[in-house]
1. The conditions are (1) over 26 Å from His136 (Cβ atoms); (2) aliphatic (A, V, I, L, M); (3) modelled with pLDDT under 55, and Met71 fails exactly one of them. Which is it?
2. Name the residue, out of Asp281, Asp320, that is at pLDDT below 95, not in a helix (DSSP H, G or I) and not aliphatic (A, V, I, L, M).
3. The conditions are (1) more than 26 Å from the chain's Cα centre (by Cα); (2) open to solvent by 20 Å² or more (accessible area, probe 1.4 Å), and Glu301 fails exactly one of them. Which is it?
4. Suppose we keep only residues that are more than 21 Å from Arg255 (Cβ to Cβ) and in contact with a helix residue (DSSP H, G or I) (Cβ under 8 Å, 6 or more places away or on another chain) within the stretch 200-210. Which one would you say is surrounded by the most Cβ atoms within 10 Å (Cβ to Cβ)?
5. Quick one: which residue in Ile123, Ile96, Ile202 is modelled with pLDDT of 85 or more, in a helix (DSSP H, G or I) and among the hydrophobic types (A, V, I, L, M, F, W, C)?
6. Exactly one condition in (1) touching a residue at least 12 places away in the same chain (Cβ under 8 Å); (2) within 29 Å of Ala340 (Cα to Cα) is not met by Tyr244; state its number.
7. Are there any pairs, at least 6 apart or on different chains, whose C-beta atoms fall under 8 Å, with the first in the stretch 81-100 and within 18 Å of Ser131 (Cβ to Cβ) and the second surrounded by fewer than 24 Cβ atoms within 10 Å (Cβ to Cβ) and small (Gly, Ala, Ser), and if so, which?
8. Looking at (1) of a type in the set (S, T, N, Q); (2) part of a helix (DSSP H, G or I); (3) at pLDDT below 80, which is the one condition that is false for Ser84?
Amino acid sequence: MGGQAKGKKKNKPKRKENRPNRDAGIVGLTPQERMKVRMHEKAKKKSAEKYSVQQLLEKTEEYMDTFDFEMAGLFCQRALDVESDNLQALDMLGHICSELGDIQKAKGISFTQLIFSCFVHVIFLRAVELSPDIGHSKYMYLGQIHTGQEAVDYYTRGIQVLLSALEKQAQTTQAQAGAAAPLDEDPQLPTAKDVCAAYCSIAEIYLSDLCMEEGAADKCREFIERALQYHSDNPEALQLMASYLFSTERNQEGREYLLKSVGLWLPAHKQSAASSSTGEDMQNEIPPYESRITTAKLLIEAEEYEMAVDVLEGLLEEDDEVVQVWYLSGWVCYLQLEKAKEQQEREGREVTEEDKEERKALKEAARSYLTNAKKLYCKLRCDDQPMLEHVEQLLGELGGEMEAEEGDPVLDDDYEPCSDEEEEGDDNEAEAPMEH
């Protein structure tokens, strides 16, 4: 009896051999890494049971709308865990990673920025593979990541998709023209403004990366003109035309385009800032931060110093952690000071008390801005040696760095850039931009 039982047990297949090996994919990992993998799998299963992909993407969009890209990334990744080839999720994750990469770049973390760029590249190439003819934004992002002719090719493909989508929209609109109640306009649909922005992106490449190519100047102008055909009052397209004209030494014509561009948004922006209320429509008309830095540079080049000051003050109020804006603010004050001296000498008149007060105010403002630029440059460990050398040269001419007790407060040695939330939490630590 005992022998038969023993033999039966021996011939019985082991249940363990029929089960899939849960640890097959984590052999060689540390216990902590294994735990992370298992927790991720558990969370993935829980997400699939609790939320649909659409619900996860709706949460993603909510966090993106509030600029919380880290939380948006978590929800978007959960959606991709459930459905790995979801085109909308891939598109959104690429956008999120691009935004997070820009944040890291602004902080000067180049290696992290490289990782983000590689990740974004893979995501959008996958989106192109899944749906090459629908959705232009992936081509726009790929154009941003690449340089030179590769970037031009991606933008060109994106424009083709855009124009095709616009043509279909026009046909749909025409078909619905006889409907009793027209449908509300979908803000997600492409617009002529998107085509304008895409052509501007190509023109910028011929103004920078491909500027030495044969016929680059003609191609640059051609693409700017195409951009303006789709959106004639686009501030960025008009500003780009101004840049092109300045680069070809047609300064007067360039100045006209520049002033037209700035006139489309700066007066309303100043008015809304004064009333502490910026409507969504107004916000959409204001060019991006980086574009407004270029605006300030061009205004300085055109010797429109007062207007440049208005632009730079708005930038500082929006974000006082950008070294270049502090530097340009100091530079424009210095130029205003030199201009005042030249005007007085040209007119051959005596220096009045009013002149002395104006010069003193400009000098102190320039020193203050440039001192802040240098301190922030060191704190953020920036890598723009020519700018630092120019800051030091200007400070040398103006009498050196400004000490806090000499006038308006400057960034102290312990200054650490802080977020808007931290500023609201402790008003005593907030640094207000200096006025002059």
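The values are calculated or read from the model by the stated rules, or taken from the named source; none is laboratory data. Just so it is clear, the model here is predicted, and its values are computed rather than measured. Heads up, the Cβs are rebuilt from the backbone with ideal geometry, glycines too, and the neighbour counts pull from every protein chain shown. What goes into the accessible areas is simple: the full protein's heavy atoms, side chains included, and nothing from ligands, DNA or RNA. Shrake-Rupley method; radii C 1.70, N 1.55, O 1.52, S 1.80 Å.
1. (3)
2. Within the list Asp281, Asp320, the selection yields Asp320.
3. Of everything listed in (1) more than 26 Å from the chain's Cα centre (by Cα); (2) open to solvent by 20 Å² or more (accessible area, probe 1.4 Å), Glu301 misses just condition (1).
4. Result: Ile202.
5. Unique residue meeting the criteria: Ile202.
6. Of everything listed in (1) touching a residue at least 12 places away in the same chain (Cβ under 8 Å); (2) within 29 Å of Ala340 (Cα to Cα), Tyr244 misses just condition (2).
7. Leu87/Ser131; Leu87/Gly135; Asp91/Gly135; Asp91/Ser137; Leu93/Gly73; His95/Ser137
8. Every condition holds for Ser84 apart from (2).
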